[in-house]
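Accompanying notes for the structure given below.
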Amino acid sequence: MSRTTDVIVVGSGLGGLMAALAAARQGREVRIISEGTGCLAIGTGCVDLLGYAPDGASVEDPWAAMAELAPAHPYSLLGAEKVREGLDALTETTARHGLVLRPASRDGKPRNTRVPTIMGTLKPTYLMPDTFEPDDLGKAKRVLVASVMGFRDCRPALVIDQLRRYPDWANKEYFPCLIPTPFDDAHRALNALDLARAAERPGGSEWLIGSLKERAEGCDLVLMPPICGRHAGSPLARELREALGCPVVEMLSIPPGVGGLRIRDALMRELAALGVELVENANVIGAGVAEGKCLSLDISSTGRNYATKARAYVLATGGILGGGVLLEPGRAIERVFGLDLALPADVAEWTEPEIFGSQAVSKVGVRVDDKLRPLDANGALALENVFFAGRSLGAHDPAVEKSGYGVALATGWQAGLAAAELAAAAHNTGEAATGGEQ
């Protein structure tokens, strides 16, 4: 196997997969280096674009709110049209594999929607599966809140108590229920992924429909955990809605992220069809750099080390939690290239007294130009054939803004396009990566 390719993407979260998709669709040979499964394994399956403004105000129209973001914000660097390109690429791809994602609309314009979670809270999001009709939530008056015996993460009574705190949900009539488990004997607490897999097995549809049919009688909405299948394009949610004769909404859940895995399933199928190579369980431990270019990445995998090369690189390695950003006393560092990241020298200034407010440490990440190439501390280009995407970028706070997936898919898509263009130019000029596996 050759160790030289056109584009190497590091990371297999949403940003990395979108970068690989963009580069592959430009005809480039693409290799993904992945240590784990990425953030989609803990995702909800909905796509947040921009739920809150930097001042904490709730956002209804994320496209209008983008115009008010700081110049260094990833959305500001790209511009709304390039963000939309990434969003369209994702929805077109998932739809090809049976998972239709779409926004709610009001007066013909797309808008954010507040979606219930299994904790009974409401979360703003932009793209949702088409089995979820936002108008169903507002019209419903008799709501069945269902969960499964042995699934401790979702308790209908808690969901109902919490939903009643919201004015739009306070006056509905609720009916809690626990349906029987599909497992005769479970040695541990079940999670949503266990149940979603069980629902796809032979007899799974009959179990779900049979358990809910009588209980849902007279209700005009069923809220349940995301257990209608683990794969993109599963027909279970539609079958259930048809059988019960009322809307069925899967609430957003804590990890494991069944909804996120459905998106990942669609993207991985597409990447496989395009011939993208996936190298799993591989950790990037360093890089060879000379004259402002990355020459190679150092990989550690299954007990051996080697170097791998490409003409262009996309880094979608995540932030602090994902391992793309390392914290040391008084400083923050990008993990692969050792880029110094801006944070106050005094560690006490990394956080604010308001725990739910935006924190300096939450916004730490790589500073980039409008092509998503890294800049040094003086604002000069640091590496001309490297592009960053997703949570590894600084100047945004996805937890507070509810912008994580939106930034990941938009920057991943544009980084992949830029890397593909650079790799194509290198082909045309006869420039080639040198070396290979060691």
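Quick notes on this one:
- Hey, G233 under 20 Å from the mean Cα position of the chain (by Cα), surrounded by 16 or more Cβ atoms within 10 Å (Cβ to Cβ), under 30 Å from H396 (Cα atoms) and not aliphatic (A, V, I, L, M) or not: no
- Of the residues K109, K141, K123, the single one that is within 17 Å of the chain's Cα centre (by Cα) and either touching a residue at least 60 places away in the same chain (Cβ under 8 Å) or surrounded by fewer than 22 Cβ atoms within 10 Å (Cβ to Cβ) (or both) is K123.
Conditions (1) open to solvent by less than 10 Å² (accessible area, probe 1.4 Å); (2) in a helix (DSSP H, G or I); (3) within 16 Å of V314 (Cα to Cα), marked per residue:
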| site | (1), (2), (3) |
| --- | --- |
| H396 | yes, no, no |
| V400 | no, yes, no |
| V407 | yes, yes, yes |
| A410 | yes, yes, yes |
| Q414 | no, yes, yes |
| E421 | no, yes, yes |
| H427 | no, yes, no |
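- Unique match (being closer than 30 Å to R335 by Cα and either open to solvent by less than 60 Å² (accessible area, probe 1.4 Å) or small (G, A, S) (or both)) among V249, V284, V289, V222: V284
- Given (1) assigned to a loop (DSSP other than H, G, I, E, B); (2) touching a Leu at 6+ places or on another chain (Cβ under 6 Å); (3) not basic (K, R), index of the condition T131 fails: (2)
- Residues of segment 371-394 that turn out to be open to solvent by 20 Å² or more (accessible area, probe 1.4 Å) and either assigned to a helix (DSSP H, G or I) or modelled with pLDDT under 95 (or both), as a count: 5
- Taking (1) in contact with a strand residue (DSSP E or B) (Cβ under 9 Å, 6 or more places away or on another chain); (2) surrounded by 16 or more Cβ atoms within 10 Å (Cβ to Cβ); (3) at pLDDT 95 or above; (4) not in a strand (DSSP E or B) in turn, G275 satisfies each apart from (2).
- Condition check for L69: in a helix (DSSP H, G or I), open to solvent by less than 20 Å² (accessible area, probe 1.4 Å), over 30 Å from K293 (Cα atoms) and not β-branched (V, I, T): no
The values are calculated or read from the model by the stated rules, or taken from the named source; none is laboratory data. Treat the numbers as computed from the prediction; the structure is a model and nothing was measured. Because the Cβ atoms are built from the backbone with ideal geometry, glycine has one as well, and the counts that use them run over all protein chains shown. For accessibility, only protein heavy atoms count, side chains too; no ligands or nucleic acids. Shrake-Rupley method; radii C 1.70, N 1.55, O 1.52, S 1.80 Å.
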